[in-house]
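Written out below as structure tokens is the structure these notes cover.
The values are calculated or read from the model by the stated rules, or taken from the named source; none is laboratory data. Just so it is clear, the structure is predicted and the values come from calculations on it, not from any experiment. So basically every Cβ, Gly included, is an ideal-geometry build from the backbone, and we count neighbours across all protein chains shown.
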Amino acid sequence: MSRELGAWGEEQAARYLRRKGYTIVERNYACRFGEIDLIARRRGVIAFVEVKLRKNANFAEAREFVTCGKQRRILKSASLWLAAHGCDELQPRFDVIEIYAPEGMDTDKLTIHHLEDAFE
């Protein structure tokens with residue numbers, strides 16, 4: 001997937017989250033453990049969001065590409081972010097947003113699935 005298409009997918013996810021009342025705190029947070037696509041806040045929750053963009057689910061659902069190894073890297077990265085930002089009052093949560101765009105950036109109507117607590 002091209003960097004441009006990935007950034008477009010992350011923007012679609014950010015728009016979706018804002019419509020649901022979230023505030024985007026950070027995008028593409030990177031540290032020595034890995035990267036977190038979106039960090040979003042709503043009420044007492046800080047959500048660390050992995051965005052997965054696919055044309056369709058014919059091969060596998062997008063969430064299936066968030067492997068155990070990827071989850072471990074996100075958990076470690078989130079721990080580092082939380083330590084640096086002192087958000088003790090917020091409950092951390094790990095979400096996956098699946099975006100299906102059959103025509104890529106030319107897709108008129110996206111299908112978006114927001115999986116809260118996806119690592120459970």
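The single condition among (1) at pLDDT 90 or above; (2) in a loop (DSSP other than H, G, I, E, B); (3) acidic (Asp, Glu) that Glu50 does not meet is (2).
Looking across segment 7-24, the residues that are of a type in the set (Phe, Trp, Tyr) and either within 18 Å of Pro92 (Cβ to Cβ) or at pLDDT 95 or above (or both) come down to Tyr16, Tyr22.
Within segment 64-120, the set of residues being under 22 Å from Gln12 (Cα atoms), of a type in the set (Phe, Trp, Tyr) and assigned to a helix (DSSP H, G or I) comprises Phe65 only. Taken over segment 81-101, the residue count meeting the criterion of being out of contact with any strand residue (DSSP E or B) (no Cβ under 9 Å at 6 or more places or on another chain) and not small (Gly, Ala, Ser) is 2.
Total residues in segment 1-17 satisfying the condition of being without any contact (Cβ under 8 Å) to a residue 12 or more places away in the chain and under 25 Å from Leu80 (Cβ atoms): the figure is 3. Going through (1) in contact (Cβ under 8 Å) with a residue 24 or more places away in the chain; (2) surrounded by 14 or more Cβ atoms within 10 Å (Cβ to Cβ); (3) not basic (Lys, Arg) one by one, Glu89 falls short only on (2). Out of the residues in segment 92-119 meeting the condition of being within 15 Å of the chain's Cα centre (by Cα) and among the acidic types (Asp, Glu), tell me which one is surrounded by the most Cβ atoms within 10 Å (Cβ to Cβ). For segment 92-119, the residue satisfying everything is Glu98.
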